[in-house]
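Undergrad: Quick one: structure below, then a few questions.
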Amino acid sequence: DVVVCDAFVGNVLIKTMEGTAGAIVGLLKSEIMSTWRYRLAGMVLKGALARVKRRMSYDEYGGAPLVGVNGVVVIGHGSSNARAIAHALKAAKTLAGSGMVDALRVAAQKAVLEDSVPN
């Protein structure tokens with residue numbers, strides 16, 4: 001999915017999502033540790049929960065593309081570790097070779113032309 005917004009709104013949005021995810025993880029951990037049955041269930045689900053955590057982790061993706069510039073820019077998290085930076089570089093390389101910038105330019109020009117044609 002894609003969110004298109006300015007930098008301020010984007011930053012507020014991502015910080016809100018990070019905080020919400022952190023709160024949910026904290027609640028889950030607290031509940032799982034609350035009884036021996038839940039701890040047992042937690043042990044059974046440990047692998048699945050680890051995969052979900054990995055899929056949601058910013059260092060797995062490295063960053064997100066910044067569109068609207070004449071080139072490829074990938075914005076990473078302010079507290080990125082080496083793994084996140086490596087993934088951001090990999091994403092930038094992939095995007096640079098994908099023709100994304102040209103495709104976005106063509107799509108934007110087409111949208112402008114369609115909006116300028118009277119009905």
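Undergrad: Quick one: helix 36-56 against the long Cα principal axis of the chain, what's the angle to the nearest 10°, folded into 0 to 90?
TA: Result, in degrees: 20.
Undergrad: Take the alpha-carbon centre of region 13-37, take the same for region 51-106, and report the distance between them in whole Å.
TA: A separation of 26 Å, based on Cα centres.
Undergrad: Determine the equivalent ellipsoid of the chain by diagonalising the alpha-carbon gyration tensor, then write out the semi-axes as square roots of 5 times the eigenvalues, largest first, rounded to whole Å.
TA: Working: eigenvalues 299, 63, 35 Å².
The three semi-axes for the chain are 39, 18, 13 Å.
Undergrad: Test of understanding: express the Cα radius of gyration of region 61-119 as a ratio to 2.2 N^0.38 Å, with N the residue count. Walk me through the numbers before you get to the answer.
TA: On the way: Rg = 15.1 Å, N = 59, 2.2 N^0.38 = 10.4 Å.
Normalised by 2.2 N^0.38 Å, the Cα Rg of region 61-119 equals 1.46.
Each value in this text was obtained by applying a stated rule to the coordinates, not by laboratory testing. No experiment lies behind these values; they were computed from the predicted model shown.
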